[in-house]
Amino acid sequence: MARINIRDRTQEETMDAGKAISGKKYHTWDEVFEVSTPMAFRALNTGTITSPLTPYTQAESIPAGVDTSKTVSHAVMAFYFHHPEKGDILIDSGFDRSFYENPPFGNLSPFVIDFLEGNRARYTQQKDEDLESRLRKNNIHPTHLFLTHMHPDHTAGIPALSPSCNICYGKKENSAHYRLMTGSHLKGKGDISLIDTDPAPAIPPFDHAVDLFGDGSFWALSTPGHTTDHLAYLINAEPFPILVVGDAELSAWGMTQGVFMNSDGGKEGQQAVRESANAIRGFHRMYPRVAVWFSHDEKPLAP
């Protein structure tokens with residue numbers, strides 16, 4: 001993982017991807033699960049998205065009989081766990097309070113709002129449902145935020161975080177396209193780290209797996225397609241591991257029904273979505289005791 005400090009443009013390289021502090025390299029997830037760590041975990045719902053299933057999913061993958069013209073509601077999730085050395089960690093940020101104060105689009109950029117309005121999407125939030133309220137209620141003080149990808153429904157809670165919180169995301173999404181998507185969400189946030197999965201070894205069924213803290217406790221898994229450098233995250237917790245798949249899958253219903261998300265990368269991206277989803281589904285079959293959480297579902301596929 002390359003850590004880039006935006007304030008002074010310095011760069012520091014960390015350890016080799018996939019290599020633990022002990023020097024151990026993992027070849028299977030069974031080996032990884034042998035070093036699981038007790039870690040508190042909580043899923044935080046920060047709002048609701050109401051929209052048709054398409055264009056956010058690949059229409060041909062929707063089961064027969066489902067009316068894709070009707071709007072459906074999905075949660076906007078963020079996830080917390082406590083690492084014994086790194087402290088409170090967030091995966092995705094959901095919505096800040098602007099979605100309650102300025103409905104229906106909160107702090108989204110005009111570019112994104114135009115797209116959402118054209119596709120009959122609405123974002124809503126109840127009082128005290130925002131990220132900051134959730135963190136305060138649960139006494140959570142994030143030291144790191146790991147983003148599954150740089151879409152605004154995953155970054156819109158960032159303004160609620162401390163400027164000292166280290167924000168981490170896939171290296172290939174450090175681009176003008178994704179800066180346009182996220183608007184002002186990263187304004188004033190100088191501690192940015194980019195995760196480079198390309199050098200990381202495979203741990204089947206995933207082509208690249210990065211041991212983020214070097215102790216086998218927390219992994220970034222390359223799951224491109226929905227976006228250029230989409231990441232899923234594995235929390236190697238006790239009593240069972242937790243896989244956060246972001247938007248590589250729609251929901252528990254979508255995953256079990258064979259639905260595929262759409263892509264901002266055209267036909268090539270759609271094929272990558274299918275490959276990443278098939279890796280996740282294969283992993284779920286191999287390790288059914290791992291809880292699978294989705295960015296837009298309040299309920300996981302639980303062991």
For the stretch 100-125, pairs from a residue that is open to solvent by less than 20 Å² (accessible area, probe 1.4 Å) to a residue that is of a type in the set (A, V, I, L, M, F, W, C), with Cβ under 6 Å and 6 or more apart or across chains, are Phe105/Ile113; Tyr123/Ile49; Tyr123/Phe99; Tyr123/Phe105; Gln125/Phe95; Gln125/Phe99
For the stretch 131-157, the count of residues that are under 27 Å from Thr71 (Cα atoms) and either among the β-branched types (Val, Ile, Thr) or open to solvent by less than 10 Å² (accessible area, probe 1.4 Å) (or both) equals 10
- request: Please work out if Gly65 is on the phi > 0 side of the Ramachandran plot and modelled with pLDDT of 90 or more.
  value: yes
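For (1) closer than 30 Å to Pro63 by Cβ; (2) of a type in the set (Lys, Arg); (3) in contact with an Asp or Glu (Cβ under 8 Å, 6 or more places away or on another chain), each residue gets a yes or a no:
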residue: Met181; (1), (2), (3): yes, no, no
residue: Asp191; (1), (2), (3): no, no, no
residue: His208; (1), (2), (3): no, no, yes
residue: Leu212; (1), (2), (3): no, no, no
residue: Thr227; (1), (2), (3): yes, no, yes
residue: Gly246; (1), (2), (3): yes, no, yes
residue: Glu249; (1), (2), (3): yes, no, no
residue: Ala252; (1), (2), (3): yes, no, yes
residue: Thr256; (1), (2), (3): yes, no, no
Given (1) open to solvent by less than 50 Å² (accessible area, probe 1.4 Å); (2) modelled with pLDDT under 95, Ile167 misses just (2)
If you go through Ser263, Ser222, the only one that is touching a Leu at 6+ places or on another chain (Cβ under 8 Å) and at pLDDT 95 or above is Ser222
Condition set among the acidic types (Asp, Glu) and in a loop (DSSP other than H, G, I, E, B), scope the stretch 160-215, selection nearest to Ile280 (Cα to Cα): answer is Asp207
Taking first residues from the stretch 127-144 that are without any contact (Cβ under 8 Å) to a residue 24 or more places away in the chain and β-branched (Val, Ile, Thr) and second residues anywhere that are surrounded by 12 or more Cβ atoms within 10 Å (Cβ to Cβ) and part of a strand (DSSP E or B), the pairs with Cβ under 7 Å that are 6 or more apart or on different chains are none
Counted residues in the stretch 40-76 being exposed (fewer than 12 other Cβ atoms within 10 Å of the Cβ), polar (S, T, N, Q) and over 22 Å from the mean Cα position of the chain (by Cα) come to 1
Going through the stretch 39-53 in order, the residues found to be farther than 19 Å from Ser93 by Cβ and aromatic (Phe, Trp, Tyr) are none
Restricting the stretch 176-213 to residues that are among the small types (Gly, Ala, Ser) and buried (at least 19 other Cβ atoms within 10 Å of the Cβ), the one farthest from His83 (Cα to Cα) turns out to be Ala200
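The values are calculated or read from the model by the stated rules, or taken from the named source; none is laboratory data. A quick note: this is a predicted structure, and the numbers were derived from the prediction, not measured. FYI the Cβ positions are ideal-geometry reconstructions off the backbone, even for glycines, and counts take in every protein chain you see. Note: accessible area is taken over every heavy atom of the protein model, side chains too, but ligands, DNA and RNA are not part of it. Shrake-Rupley method; radii C 1.70, N 1.55, O 1.52, S 1.80 Å.
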